[in-house]
Amino acid sequence: MLIDDEVPADREAVRAVVRAAFASDGDHVVDLLDGLQSSSAARPGLSLVAREAGSVVGHVLLTRSWLDAPQRLLEVLVLSPLAVAPDAQRRGVGTALVGAALARAEDQGWPLVFLEGDPAYYGDHGFVAAGTRGFTSPTDRIPEPAFQVAVLAAHRPWMTGRLVYADPFWVHDAAGLRL
């Protein structure tokens, strides 16, 4: 398996992987992905693919959002979505993508990476419950254990506060759970 930057020629393969990985919610997540990648939240080098035998089998996207910290508004990253093709799941593809995404964020000097996700999965990948570190969720619809953060080397103690999602999360109604 090779982890690499997404290139324009990967776009349709990435969309297919995301659609398949999210099954009945696939179209909704593809719309979010497209919205994020075409917005001011997109940042160079933060859309990664996993390839096996030359084919895209996984994808992860990091985009810019903000932390409303007491000192000032601070740019941070949000990991969403993470997708692995159903026939490539449970083989370490997601783990490799999350690891590569965090390494890339670290290399670029970002202080924090947030996500909404399963604590049992992401807890094994460097994420902790964000509330325990002084962060407030952008919406009450995110269950407390699912609101998570990875704290990177550029983080400083004053960097606490509320996560403020970039517009595409709101435009695509992709912030928290809808019951």
Compute the normalised compactness of segment 121-161: alpha-carbon radius of gyration over 2.2 N^0.38 Å, N being the residue count. 1.16
Measuring with a 1.4 Å probe in the full set of protein chains, what accessible area per residue, in whole Å², belongs to the chain? 47
How big is the chain in terms of Cα radius of gyration and Dmax, in angstroms? 15.3, 48
Within the accessible area of segment 57-138 (1.4 Å probe), percent carbon and sulfur: 49
What are the radius of gyration and Dmax of segment 19-108, computed over its Cα atoms and given in Å? 14.2, 48
If the chain between residue 7 and residue 103 were fully stretched, how many nm would it gain, using 0.36 nm times the residue separation less the Cα-Cα distance? 32.7 nm
What Kirkwood Rh does segment 89-169 have if only Cα atoms enter the pairwise 1/r average? Answer in Å. 13.3
Relative to the chain, whose Cα atoms define the longest principal axis, helix 11-21 and its Cα axis are tilted in degrees, nearest 10, by 80
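The values are calculated or read from the model by the stated rules, or taken from the named source; none is laboratory data. Since the structure is predicted, the reported quantities are computational estimates derived from the model, not experimental observations. With ligands, DNA and RNA removed, areas are computed over all heavy atoms of the protein, side chains included. Shrake-Rupley method; radii C 1.70, N 1.55, O 1.52, S 1.80 Å.
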